[in-house]
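The values are calculated or read from the model by the stated rules, or taken from the named source; none is laboratory data. All values derive from a computational prediction rather than experimental measurement. Glycine also receives a Cβ, built like all others from the backbone with ideal geometry; neighbour counts cover every protein chain displayed.
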Amino acid sequence: MVEMTTKKGSRTRSGPARHRGLGFLFWVCLAAIAVAVGVAAREPLKAAFSQLSGKPPATSAPAREAPKVTVSPLTEAEQRLKSRPAATAVQTDRPQQVNTVERSQPSQPERPVIRKARLYFATVDQAGKIELKSVIRPIPASDSPLRDTLETLLKGPSAQELNLGLVSMIPTDARVRDVTVKGDTAVVDFNESFRFNPQGLEAMEVQLRQVVYAATEFPSVKNVQIRIEGTTVRYLGTEGIRLDAPLSRASFQN
């Protein structure tokens, strides 16, 4: 009897608990269905609300399109350059860089034009006899070739010519003051030092021959008039060599 009462009481307590569990599950399912329905109906509800309020529905920003790239066809020159190997392109670029550097460098001065002049010096043998010898000397060309030749003559023999035994009988202090050509006569004006030669009469004659022979190497010059300090003097030195008339090569032939 007691056992039966107990079982009956247990059935009575389990019944309401079962109903509560089922009720809770029902409400959970109902809430889930409401959420799903709300999510599904969100966009239509927004559209309907927008129509009622007069505002256009918010739309998501459209996806940006990828930028369009237009590829133009290569020119013939670009195609040839592209077809070359990389090593060839490097070798082609190097001369261009070198040429650019060379063009930026300053230009070098031009070398002077050189011409050949025949000069006359002397040799002296053991007996003291003096003879005239000619040499070819390169000198810079200018607009005054006769004066350049005579000024080079007055500077005397070069080191190589001295080794060959050549000397000059012209006084070392002699200088050319002026040179002019009138017809076939060259008028050469010297300073006072040219007039006096301490080596004697024979040296004076060789001195004049050196000047006259060097000047008459020019085809247009046949005679040479010697002047001292702008004046035509009668004698060279004090021993009687006449200078008041033009001299030629024939003047020294005995």
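Given the criterion in contact (Cβ under 8 Å) with a residue 40 or more places away in the chain and either farther than 22 Å from PHE252 by Cβ or more than 44 Å from the chain's Cα centre (by Cα) (or both), identify the matching residue among VAL206, VAL224.
Working: VAL224 fails: in contact (Cβ under 8 Å) with a residue 40 or more places away in the chain.
It is VAL206.
Return yes when LEU153 is out of contact with any helix residue (DSSP H, G or I) (no Cβ under 8 Å at 6 or more places or on another chain), at pLDDT 95 or above, surrounded by 12 or more Cβ atoms within 10 Å (Cβ to Cβ) and among the aliphatic types (A, V, I, L, M) and no when it is not. Full working, then the answer.
Values: out of contact with any helix residue (DSSP H, G or I) (no Cβ under 8 Å at 6 or more places or on another chain): no; at pLDDT 95 or above: yes; surrounded by 12 or more Cβ atoms within 10 Å (Cβ to Cβ): yes; among the aliphatic types (A, V, I, L, M): yes.
No: the conditions fail for LEU153.
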ask   = Can you pull out the residues in region 168-205 that are more than 18 Å from THR231 (Cβ to Cβ), surrounded by 17 or more Cβ atoms within 10 Å (Cβ to Cβ) and of a type in the set (Val, Ile, Thr)?
value = ILE170
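Looking at ASN191, is it in contact (Cβ under 8 Å) with a residue 24 or more places away in the chain and either under 22 Å from THR123 (Cα atoms) or touching a Gly at 6+ places or on another chain (Cβ under 6 Å) (or both)? Let's see the steps before the verdict.
Working: in contact (Cβ under 8 Å) with a residue 24 or more places away in the chain: yes; either under 22 Å from THR123 (Cα atoms) or touching a Gly at 6+ places or on another chain (Cβ under 6 Å) (or both): no.
Taking the combined requirement at face value, the residue does not satisfy it.
Restricting to region 128-150, count the residues that are touching a Pro at 6+ places or on another chain (Cβ under 9 Å) and crowded, with 16+ Cβ neighbours inside 10 Å.
If we filter region 128-150 for residues that are touching a Pro at 6+ places or on another chain (Cβ under 9 Å), which is where we start, we get 135, 139-142, 148.
Going one step further and asking which of them are crowded, with 16+ Cβ neighbours inside 10 Å, we end up with 139, 148.
So the answer is 2.
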